[in-house]
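S.K.: Can you read through this structure? Questions will come right after.
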Amino acid sequence: MLRASLRQVSAALKEGRVTPTELCQRCLALIRSTKFLNAYITVAEETALKQAEEAEERYKRGQPLSILDGIPIAVKDNFNTAGIETTCASNMLKGYISPYNATVVQKLLDQGAVLLGKTNLDEFAMGSGSTDGVFGPVRNPWSYSRQYKEKSVPKSHSEDKEFNWVITGGSSGGSAAAVSSFTCFAALGSDTGGSTRNPAAHCGVVGLKPTYGLISRHGLIPLVNSMDVPGILTRSVDDAAVLLGSLAGHDPKDSTTVQDNFKPFELPNLTDVSKLSIGIPKEYNAPGLSSEILALWSKAADLFKNAGAKVVEVSLPHTHYSIVCYHVLCTAEVASNMARFDGLEYGHRSDAKESTESMYAATRREGFNDVVRGRILSGNYFLLKQNYEKYFVKAQKVRRLIANDFVKVFRSGVDILLTPTTLSDAAPYMEFIQEDNRTRSAQDDILTQAANMAGLPAINVPTALSERGLPVGLQFIGRSFQEKQLLTVAKWFEKQVQFPMIQLEEVKRHDNDVFHHQKSASFS
Amino acid sequence: MLLTLLWRATFPSMQVTVSQRIHNLLCHLLSPWVPVVGLEIHAQISSNSKLFSGSQVQFAAPPNSLVSFFDASLPGTLPVLNRRCVEAAVMTGLALKCSINKKSLFDRKHYFYADLPAGYQITQQRVPIAVNGSLSYSLCMDSKMSQMVTKIVRIKQIQLEQDSGKSLHDDTRSQTLVDLNRAGVGLMEVVMEPDMCCGEEAAAAVRELQLILQTLGSSQAVMAEGQLRVDANVSVHRPGEPYGVRTEVKNINSLRFLAKAVDYEIRRQIEELENGGTILNETRAFDSRLGCTVPMRDKEGKQDYRFMPEPNLPPLILYDAKSLPANMNHQQVINIDWIHERLPDLPSVKREKLVEQYGILPEHSFTLLNEDGLAEFFESVVKQTQMKPKKVIGWILNDLLSYLKQYSLTVKESPVSSFLLADLLNLLEKKEISSTAAKQVLAELWKGEGKTPLEIVKEQKLELLQDQKELEQICQAVIDERENEVMAIKAGNRKVLNKLIGLVQRKTQGRSNPVLVKQLLEKKLSE
Amino acid sequence: MRALSLGRWLRAWRVPPLPERWHSTLPPQQKVSVEVLDHLEHLALVDFRDSEGVERLQKAIQFADQLHEVNTDGVEPMDSVLEDRCLYLREDDVTEGNCTKELLENAREKVEEYFVAPPGNIPLPKLEERDSFLQGS
């Protein structure tokens, strides 16, 4: 049952084949036995069970609030949750209990979702590995999968498991791991430069980045206000559509949500792709792209072509500047957004008492890790009067060029772009931490970053397993506010590739139902 | 004084701005220094809720009770713009003859301070809501308010921005208490170009702005309650040379202190430069006790606010009749023309109307508008009395106003209502009492004991003597008694007649009409 | 496994390997002066803990310099992808506030109903007097 899709489990709840409390308890038990993944920072057992009980009452009366009623969900720990600690994996907010719910959290709760807990991330969502938070790194569940173990060569019997575990990617690694390991049916992440799609690819789950302005950011602790969006992580494209339907729409509390009316949609089962035009941006054959992924990408293009779609090579010439551009704009916004953390109204506060400034300085030194502090200093440098035009405004101009690249391509008749999501499969943790955070982010974000610059919707669909037995995903990028088209195509693709289900011992133990064994022979 | 006459004689009909500049120049011919004064005025917007959040705007309230999550900068909260604040800024911009920018933007201004929870203020640095306007104000050239000169100061821009909270320094316990009730309240910053040259001009310009804001209702603009704060930028230079280094003067709590602070700073700078010193580009605070400006503790090194566009607020778009979108929710639309049509009469227009309608002097119209409610009081009295407005004004400005000032009362608090005053003036007009008697009655009315003028007149026996015969007799009696004076008058000394009139007045206990008495005496003396 | 080739979708578009690409082709830039570093520490109220911190900034600037390779003549800066949308206006109603207790709950230090800060806004001491890494520079 834990491995079912959202729709399937919702139907099961409605039919009474399983109760919300049973479901919740199983998920909580699985969280406990997969604790070594370190996917969760806070597990809200009591409140979750209470929510499950209330959902149960509603199902008994035959009055569920929505399709999400009673369904266990996890939320990245940079979303405000009233009464439940929100830390952003930082010392600055350890112990911080927000008095309000983020709009997206409130919407989920209003529809009856059961909030299991807050998931782990890179500190303040800065990073692409979910390794730089104060609660330690998140481990990719696939590290413990039969598929990975079969492919990896153990060095010795005892040390291999620990040594070879791979990262989840980031920064929404906790959410991706939570979904991937079946502890919840969906999770909220955030996506600023690929933070939802990147871990989704590494953990073999669907990661959706909606159009900027579609879903409310009220209550999402910001990294880059002009690029952040709440991200959706699920095990199927259809599930992502369900979540999207319950979250999207204008929020008067967020002035960057569009006021257009949003209508939730059902995804059609696309059979005929002949009217589709798929663009393959050549610049996404980026430096460092593994030959494996390159081949997979090529095969996917073939898949569409053979099914009758028009597949064309296109060019997004400013792609390789998106990282530099992002670097300047992101650090500048970070410098600004982090200015509020001074210990006076909330959060960590240092004991320094000589003056307000010295207290602020000490609080920030004690509360932020090196990555955050480094970005604050760089960002302030770019915002200095003498540097503003040269760096910040220049980056804003380059941003427009990047956004225009997409406009031109979409105007030329292309409906959807198909690209890789990551440069390679998940790296082993020990290898990953050799490089510093900024360099890593710079490398890993190259394929996902531009969509944030342009505000476009993008989705990672798990495609196949790599030679090492780890997931690899491919990315689809769509037109602004055309999530329906994007998800429809993604759903078709998902059906074609039949990505294998992860085989985890722990899950087997908790889930006694006969589960649908996905045929793993199709795509590799 | 001489200068004014010279100026008026030479340039009677030129455009005000040109003659104003010439006036300034003539002023400066007498001094080797040209003072230059510009102002930055922060006016708190009169609205129910704050600029970017729904917490209440109120002057006095328990600490931190009018603070929302956004005001306290709780992470994840976002600004949402208050429509009313935009309307207030548009009204003010139109009243100050500015161009309203149909698209304006918001920016973040970064600095750390205990009363600025987010570490930045949201303001409009790149493209403010209104630019390039002007304000006309008047100065009286002498203390009797008998000669007024109109001046113009250019308005550089008006921008919307957030107010900060309040820090209360508790030096005994070595701590600062922070109250965020005021944090996030909407402000309009009005920037006046350095077209002024002294404290008096600065104060007059701010006074006029205050009246305009109060008339529009966009700000209550009471300086004492912090709803209007003024910072002055002052510099001096020699004629013909470029502008000197300027200082910023803060902590000015009233119009009187504004004039004092500016004048002091001008003098200080002149003295400094004449002694061979230099002026630092610094911020100074006005010390009202000592009447001087002192340097404020400046930040270490230069301040750099690192302005950045506010990413959570898309551009603010305003419309006019031509650009009005067809099918947009009208609650989301602000139509500049619609607002323009509904602007109330500004003080300058009101004054003109008063002068035109009632035939009073321009100086009088200034005093009427300067006192809250006085113009309405005046008009009310005029309606209820046959006395000509030109005469009524004297009673309002000389008598009523001086009583109000003496007892520190506002017009609203006056124990003498317009009805009572009109009643009294009617008695005077009908010649039932003399003007001296009227003043006596007014003094009695001021006690507020609820008596009518007529009752007081009867009580104190102040009626004018109506019986002509009796009056004649008394006149005759005085003439008979005062042989010497009579002879002097007959010899040609007309002034002595006043003495006789006075004596008649005394005999009648002030109840004789002096005009009539004069006539009677003259008639008798010429016989 | 099939032979991995670029396939007909991706014509031979060769990009130099990773290490070379990320190093700027611009001449090596000036080191950031201690004055500017000190200025930054003051403005940001965050300090460069050690030489690594300073190096990090140096690298960040060098990285950002690549922007200058792009020709942006005639291009308008982009604040946000929503630049063509207009700002939502809220009605002037009192809908928030009156939550003193909730706000103060998260403050580590408070006095009655006030937030409390150390005395005044005394600026950070000068570089020479401060315990900053930069002192040695």
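S.K.: Given the criterion open to solvent by 50 Å² or more (accessible area, probe 1.4 Å) and in contact with a Lys or Arg (Cβ under 9 Å, 6 or more places away or on another chain), identify the matching residue among B:Lys490, B:Lys518, B:Lys507, B:Lys499.
M.R.: B:Lys499
S.K.: Are any residues in the range A:5-27 open to solvent by 20 Å² or more (accessible area, probe 1.4 Å) and not in a helix (DSSP H, G or I), and if so, which ones? Let's see the steps before the verdict.
M.R.: To start, the set of residues in the range A:5-27 that are open to solvent by 20 Å² or more (accessible area, probe 1.4 Å) comprises A:5, A:7-8, A:11, A:14-17, A:19, A:21-22, A:25-26.
Hits for the range A:5-27 are A:Ser5, A:Gly16, A:Arg17, A:Thr19.
S.K.: Residue check: is A:Val371 at the interface with another protein chain (Cβ under 7 Å from one of its Cβ atoms), in contact (Cβ under 8 Å) with a residue 60 or more places away in the chain and of a type in the set (Val, Ile, Thr)?
M.R.: It is false that A:Val371 is at the interface with another protein chain (Cβ under 7 Å from one of its Cβ atoms), in contact (Cβ under 8 Å) with a residue 60 or more places away in the chain and of a type in the set (Val, Ile, Thr).
S.K.: With a cut-off of at least 3 residues that are of a type outside the set (Ser, Thr, Tyr), touching a residue at least 24 places away in the same chain (Cβ under 8 Å) and within 11 Å of chain C (Cβ to nearest Cβ), name the helices (runs of 4 or more DSSP H) lying wholly within the range A:384-449.
M.R.: The helices (runs of 4 or more DSSP H) meeting that bar are A:394-411, A:437-444.
S.K.: On to the next question. Could you please give the count of residues in the range B:183-211 that are hydrophobic (A, V, I, L, M, F, W, C) and open to solvent by less than 10 Å² (accessible area, probe 1.4 Å)?
M.R.: Of the residues in that region, 11 qualify.
S.K.: Now for a separate question. Working only within the range A:354-368, note down all residues that are out of contact with any Leu (no Cβ under 7 Å at 6 or more places or on another chain), in a helix (DSSP H, G or I) and facing chain C (nearest Cβ under 7 Å).
M.R.: A:Thr356, A:Met359, A:Arg365, listed by residue number.
S.K.: Being modelled with pLDDT of 90 or more, assigned to a loop (DSSP other than H, G, I, E, B) and out of contact with any Phe, Trp or Tyr (no Cβ under 9 Å at 6 or more places or on another chain) is true for just one of C:Asp92, C:Asp84. Which residue is that? First the steps, then the outcome.
M.R.: Values: C:Asp84 fails: modelled with pLDDT of 90 or more.
Answer to the check: C:Asp92.
S.K.: Could you say whether any residue in the range A:456-468 is among the acidic types (Asp, Glu) and open to solvent by less than 10 Å² (accessible area, probe 1.4 Å)?
M.R.: no
S.K.: Step by step: first the residues of the range B:258-286, then only those that are open to solvent by 40 Å² or more (accessible area, probe 1.4 Å) and in contact (Cβ under 8 Å) with a residue 24 or more places away in the chain, then the one that is nearest to A:Val334 (Cα to Cα). Which residue is that? Step through it out loud before you land on a result.
M.R.: Let us first name the residues in the range B:258-286 that are open to solvent by 40 Å² or more (accessible area, probe 1.4 Å), namely B:260, B:263-264, B:267-268, B:271-276, B:278, B:280-281.
Now drop any that are not in contact (Cβ under 8 Å) with a residue 24 or more places away in the chain, which leaves B:260, B:263-264, B:268, B:273, B:278, B:280-281.
Details: B:Lys260: 45, B:Asp263: 45, B:Tyr264: 44, B:Arg268: 44, B:Leu273: 46, B:Thr278: 41, B:Leu280: 35, B:Asn281: 32 Å.
So the residue we want is B:Asn281.
S.K.: List the pairs whose first member sits in the range A:76-104 and is within 23 Å of A:Ile232 (Cα to Cα) and outside the structural domain of A:Tyr346 (by TED's automatic domain parsing), whose second member is among the hydrophobic types (A, V, I, L, M, F, W, C) and assigned to a helix (DSSP H, G or I), and whose Cβ atoms are under 6 Å apart, counting only residues at least 6 apart or on separate chains?
M.R.: Pairs found: A:Asn78/A:Ala125; A:Phe79/A:Val105; A:Thr81/A:Val105; A:Thr87/A:Leu93; A:Cys88/A:Phe124; A:Ser90/A:Phe124; A:Val104/A:Leu247.
S.K.: OK, next. With B:Gln331, B:Gln303, B:Gln386 as the choices, which residue is open to solvent by 30 Å² or more (accessible area, probe 1.4 Å) and assigned by TED's automatic domain parsing to the domain that holds B:Lys102?
M.R.: Working: B:Gln331 fails: assigned by TED's automatic domain parsing to the domain that holds B:Lys102; B:Gln386 fails: assigned by TED's automatic domain parsing to the domain that holds B:Lys102.
Testing whether each residue is open to solvent by 30 Å² or more (accessible area, probe 1.4 Å) and assigned by TED's automatic domain parsing to the domain that holds B:Lys102 leaves just B:Gln303.
S.K.: If I ask for residues that are in contact with an Asp or Glu (Cβ under 8 Å, 6 or more places away or on another chain), open to solvent by 30 Å² or more (accessible area, probe 1.4 Å) and under 16 Å from B:Met188 (Cα atoms), which ones from the range B:124-156 would you list?
M.R.: Once the filter is applied, which keeps residues that are in contact with an Asp or Glu (Cβ under 8 Å, 6 or more places away or on another chain), open to solvent by 30 Å² or more (accessible area, probe 1.4 Å) and under 16 Å from B:Met188 (Cα atoms), the range B:124-156 yields B:Gln125, B:Arg126, B:Lys156.
S.K.: Hey, does the range A:210-226 have a residue that's surrounded by fewer than 23 Cβ atoms within 10 Å (Cβ to Cβ), of a type outside the set (A, V, I, L, M, F, W, C) and within 14 Å of chain B (Cβ to nearest Cβ)?
M.R.: Yes, that holds for at least one residue.
S.K.: Select from the range B:117-139 the residues that are hydrophobic (A, V, I, L, M, F, W, C) and farther than 18 Å from B:Leu316 by Cβ and write down the one among them that is nearest to the chain's Cα centre (by Cα). Walk me through how you get there before you give the answer.
M.R.: Taking the range B:117-139 as the starting set, the residues that turn out to be hydrophobic (A, V, I, L, M, F, W, C) are B:118, B:122, B:127, B:129-131, B:135, B:139.
So of that shortlist, the ones also farther than 18 Å from B:Leu316 by Cβ come out as B:118, B:135, B:139.
Details: B:Ala118: 36, B:Leu135: 13, B:Leu139: 11 Å.
Result: B:Leu139.
S.K.: From the list B:Val411, B:Val381, which one is within 22 Å of the chain's Cα centre (by Cα) and open to solvent by less than 30 Å² (accessible area, probe 1.4 Å)?
M.R.: Answer to the selection: B:Val411.
S.K.: Which residues, taken from the range A:302-334, are at the interface with another protein chain (Cβ under 9 Å from one of its Cβ atoms), hydrophobic (A, V, I, L, M, F, W, C) and touching an Asp or Glu at 6+ places or on another chain (Cβ under 9 Å)?
M.R.: Of everything in the range A:302-334, those that are at the interface with another protein chain (Cβ under 9 Å from one of its Cβ atoms), hydrophobic (A, V, I, L, M, F, W, C) and touching an Asp or Glu at 6+ places or on another chain (Cβ under 9 Å) turn out to be A:Val311, A:Ile323, A:Val324.
S.K.: Would you confirm, using the coordinates I've provided, whether A:Leu344 is within 11 Å of chain B (Cβ to nearest Cβ) and over 26 Å from the mean Cα position of the chain (by Cα)?
M.R.: Against the criterion (within 11 Å of chain B (Cβ to nearest Cβ) and over 26 Å from the mean Cα position of the chain (by Cα)), A:Leu344 qualifies.
S.K.: Which one of A:Val489, A:Val461 is away from chain C (no Cβ under 14 Å) and within 18 Å of A:Ser195 (Cβ to Cβ)?
M.R.: On inspection, the qualifying residue turns out to be A:Val461.
The values are calculated or read from the model by the stated rules, or taken from the named source; none is laboratory data. Predicted model, so just to flag it, every value in this text is computed and none were measured. So basically every Cβ, Gly included, is an ideal-geometry build from the backbone, and we count neighbours across all protein chains shown. Only protein heavy atoms, including side chains, enter the accessible area calculation; ligands, DNA and RNA are left aside. Shrake-Rupley method; radii C 1.70, N 1.55, O 1.52, S 1.80 Å.
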